[in-house]
Structures are given as C-alpha cells and as structure tokens.
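The values are calculated or read from the model by the stated rules, or taken from the named source; none is laboratory data. Source: prediction; values computed, not measured. Quick reminder, even Gly has a Cβ in these numbers, built from the backbone with ideal geometry, and neighbours come from all protein chains shown. Heavy atoms of the whole protein, side chains included, go into the accessibility calculation; ligands, DNA and RNA do not. Shrake-Rupley method; radii C 1.70, N 1.55, O 1.52, S 1.80 Å.
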Amino acid sequence: MLQNSTMPLLPRSVSVCFVVSLVTAVSLVSAQTPSSAPHTEHPAPPMRDPKTPGYVTAKELPDGSTPPANVDGSFIIGPTHDVPPEMSAQSTLPKGTVIEFTMNSVQSKIYPGISRDANTFGTVDPADPGKLVVTTSHPAPYTRRVAVYVPKQYVAGSAAPFIVGADGPDPLLFSVLDTLIAQHKVPAMIAISIGNGSGDAQGSERGFEYDTMSGVYAEFVEEEVLPRVETEARVKLTKDPNGRATMGGSSGGSCALIMAWYHPELYHRVLTYSGTFVNQQWPSNPRTPHGAWEFHEHLIPENPAKPLRIWMEVGDRDLLNPNVAR
C-alpha cells in the first residue's frame, strides 16, 4: 500500500510498522452508581473481530508482548504490557536542552485564528450527511507554545534530522530521545513540539489545523514555525525528507499523515497514534468530502505509492466522537 524508501537518516526503529492495538477498557456496564441514584447502563463501545473479512491481516501476539523494533508488519497486541525502559528518565545520560517560545495568531498569515463557542457542537446537514453545519465558529485570536528539544550531541552548524509533534509541548518525547540518542537507536535529532491553536474538532482552530485534508498545515510549519525554530534554538534543520518525521495522536495523528501525504517532498516518516481517520474535516471540501476517511476509501488505493514509512497505532474501544459526520 505504501512504498518503502531508503532510510539514511532515521532508522527503522523510528518508523517500523503498521500496528493494530486492541485496548480492552473497563466496561462501562460494570460501573456502579451509588444505591441512592438511578442506575443507567451504558453499552460497551464496539470492538472489532480481527478475524472478520476486511480486517487488516495481522499477527496476534500474546498479551503482554510487543512487536520487535526491527520487523515490519501488522500486529495485534493485548491491553497490557510492560512500560519500556526508555520511557523512564535516566540521570546518567546526557540531557538535551529545551527552548520554548510562543507564536501569536496576529503573526500568522496562514492561521489568523478561529474558535467555536463553548458547549456548542455542529449538526449533520440534512441535505448531505457527509457535511456538518457549524454556526457558532468565528474569528478569534490564539497563542501557541512551541518547544524545541536540542540533544546534547547536536553539532552546531550541522543540518540535523528532526521530528515535528502535534499538541505540544511534549516533555516525555524529549526524555525518551535523551535515552534513544544515547543508545544510538536514533541519530542526534531535533524535536519540535508545536502547541495547537486551541479547541477541538469542527469549528475550532485545532480542528481546522489538524483535520483539514490539504497541505496547508505542513506549509504553516515550513514557512512560519521552522524558521523561528532555527533562530530561537540556533540550529540548522535538514531539508532531506528522509530525515524529517511527523508525529501526533488523535486529530494530531491524522495531521501527521496529512502533512506527509500532501507534502512527501518534505516528510517521509510518520508516527500516528489513534488517528482520527474519520470525517472531522470542516469546512467540507468537495475534493475530499469524507475528510480523513478518504485515505482508506480513495486516496491510498487510487493513487501511486508514496515514499512514506508509517508507524500506526489503532485502538479498539477508542473514544466515540458524536461530532463526526457520517
């Protein structure tokens, strides 16, 4: 489905495979309310059977185990596993430096800012169930934080590989990179953790940035964020797409793939966690009327393979968003 490419700057362990994660959550049905309060049972979120037709072919692993880092493929993992040692900060390792700065909407030519009123949602267009009508979104200013991790091993003046992360700042990412770089599992790479412009889903700045099916967010990062990063952190970022990665979760996860899909000349590496590959795009776009659902519906099967390496986590019993258009 996706074409592999040579990987001179980022190793296979960074962008290793398609992963399907079956997360067994505590059933809402078993939750008990106090005896004095009325008891309302909620249906358990749906969970798919991986052996049904149409499900991605994947190797099911015993609960508690995880796929090896040097193997490509699709895997089904259980709800429990040990916390990787890389997730714990180690005081003996060289620590990178984190530089933070803020970006105001008045400074942006691409995203001047919108907001949806609190406690309001869209409604499905009765004439087109693929569209959501949002009447409470309006122009609004925002301020976003950007955190830049520079490893201790970075050589000043050299063009470094880097990863762009959504919904930042993400201090855990920086801590993990301290470990992985010291262990020579990844190169001395920069991490750019970009805060969103606030809100969520249709009509919000975050939803507009992350769920829109276009290259605009990648262009925003390229034109407005990365030059600030190089200035504020005094680093040089590689132009080689093999040394550039995107990462995010939920709408940030779909954004990570959107960035690389529309601008493969900029990014070849994608890490997406529980991405919202559904119809959350707003406003509707006739070229991609079903939003990020178009990836598996039309875009990937109907287009030539792109030189992307993707690590994807998908969890069953994930959050069901009532604001998603059909």
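Some notes on this structure:
- In order through segment 181-192: 3J(HN,Hα) via Karplus (6.51 cos²θ - 1.76 cosθ + 1.60), integer Hz, x for Gly, Pro: 5, 4, 8, 6, 8, 9, x, 6, 10, 7, 10, 10
- Comparing S158, T123, P141 along the charge dipole axis of segment 108-172, the residue lying farthest to the positive side is S158, per the Cβ-charge model.
- Across the accessible surface of segment 178-243, with the other protein chains kept in place and a 1.4 Å probe, carbon and sulfur atoms take up 50 percent.
- Above-threshold pairs, the threshold being 32 Å between Cα atoms, out of K51/K185; K152/K239; K95/K239; K59/K152; K59/K131: K51/K185; K59/K152; K59/K131
- Summary of packing: across the peptides 160-169, 292-301, 100-109, the per-residue average of other C-beta atoms within 10 Å ranks them, highest first, as 160-169, 292-301, 100-109.
- Accessible area of segment 40-131 belonging to carbon and sulfur atoms, whole % at 1.4 Å probe: 56 percent
- In the context of the full set of protein chains, residues of segment 48-154 present 63 Å² of accessible surface per residue (probe radius 1.4 Å, heavy atoms only).
- Mean-position separation - Cα centroids, segment 102-131 and segment 219-282, in angstrom: 20 Å
- Under a 5 Å amide H cut-off, with hydrogens placed 1.01 Å from N, R309 pairs with R269, V270 among residues at least 5 apart or on other chains.
- Ordering of 82-92, 128-138, 61-71 by packing [mean C-beta count within 10 Å, highest first]: 128-138, 61-71, 82-92
- Relative contact order, percent, segment 181-326 [alpha-carbon distance under 8 Å, six or more residues apart]: 21 percent
- Over segment 55-156, all Cα pairs binned in 10 Å intervals from 0 give whole-percent P(r) values of 10, 18, 17, 28, 25, 2, 0, listed from short to long.
- Cut-off 12 Å between beta-carbons: net charge of the residues surrounding I114, Lys and Arg +1, Asp and Glu -1: -1
- Close amide H pairs (under 5 Å, H built 1.01 Å from N) link A245 with F162, I163, V164, residues at least 5 positions away or on another chain.
- In percent, rounded to a whole number, the relative contact order of segment 65-199 is 28, using alpha-carbon pairs under 8 Å and six or more apart.
- Rounded to the nearest 20, the Cβ-based charge dipole of segment 46-173 about its Cα centre (Lys and Arg +1, Asp and Glu -1) stands at 400 debye.
- The 3J(HN,Hα) values that the Karplus relation (6.51, -1.76, 1.60; θ = phi - 60°) gives for segment 125-140 are, in residue order, 5, x, 7, 7, x, x, 10, 10, 8, 10, 9, 10, 9, 8, x, 7 Hz. Gly and Pro appear as x.
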